[in-house]
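Structure record follows, encoded as structure tokens.
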Amino acid sequence: MKQESLSTVIRELTWRALWEVRNVVACIPDDRWESLRCGVPLYQHVYHMLHSLDRWMINPSAGYKEPPIHHPNLNNLDIPASKPLSRAEIQAYLSGICAKIAAYLDTLTDDMLLEYPPNCPYTRFTLILAQHRHLHTHMGMLMGFIVDDTGRWPHVVGLEGAFEPQGLGLFES
């Protein structure tokens, strides 16, 4: 990985993280999709993680609109979802988030990192770093649920080496 600038590093590591998110979601067994974990369906844990990424990665104060699949309390892990979300709905939401973040990161420069987005009390760098922290907290939980259910670890991509994973739903050998 070329470390030409901070924004290049952020772009590369975010892309690797988003591949891991897609892979972990794909590794959730179909028969566990609606299983209860900590009192809420497993898909609700996924939605919570994605919703935060969607809302907070770029600018939570820029007129954020809930996604079409949202319903009251779906983002709240203390209240079980009132209606299920399908894997296809989650995957479509995740694809939209990935496209939105990729477009944003393609415009990001080092000079922009310490700027405050409009009407936002946090710098761009703070928002990005906070979402990486939140994302990987929930990724760890999801991976633990998957390991518990399957006995296998979802594949992750490291810092070194080429980033060329093929397909999704990959487990470590």
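By average Cβ neighbour count within 10 Å, what is the ranking of 76-89, 20-33 from highest down? Working shown, then result.
Working: 76-89: 12.9, 20-33: 17.1.
Highest to lowest by the protection proxy: 20-33, 76-89.
Shape summary of the stretch 118-173, radius of gyration then Dmax from alpha carbon positions: 15.4, 47 Å. The tail of the calculated P(r) for the chain beyond 30 Å holds 19 percent of all Cα-Cα pairs.
What does the charge count near Ser82 come to, summing +1 for each Lys or Arg and -1 for each Asp or Glu among other residues with Cβ under 15 Å from its Cβ?
Numbers: positive: Lys83; negative: Glu34, Glu66, Asp78, Glu89.
Residues close to Ser82 contribute a combined charge of -3.
Which net charge results when you count Lys and Arg as +1 and Asp and Glu as -1 among the other residues whose beta-carbon is under 13 Å from that of Asp106? If you can, show how the numbers build up before the last one.
On the way: positive: Arg11, Lys100; negative: Glu12.
My count for the surroundings of Asp106 gives +1.
Sorted on the mean count of surrounding Cβ atoms within 10 Å across their residues, most packed first, peptides 49-55, 3-9 read 49-55, 3-9.
Taken together, the values in this text are just the output of simple stated rules run on the coordinates, not laboratory data. What you see is a predicted model; the values in this text were computed from it and never measured. Virtual Cβ from ideal backbone geometry, glycine too; neighbours counted across all protein chains shown.
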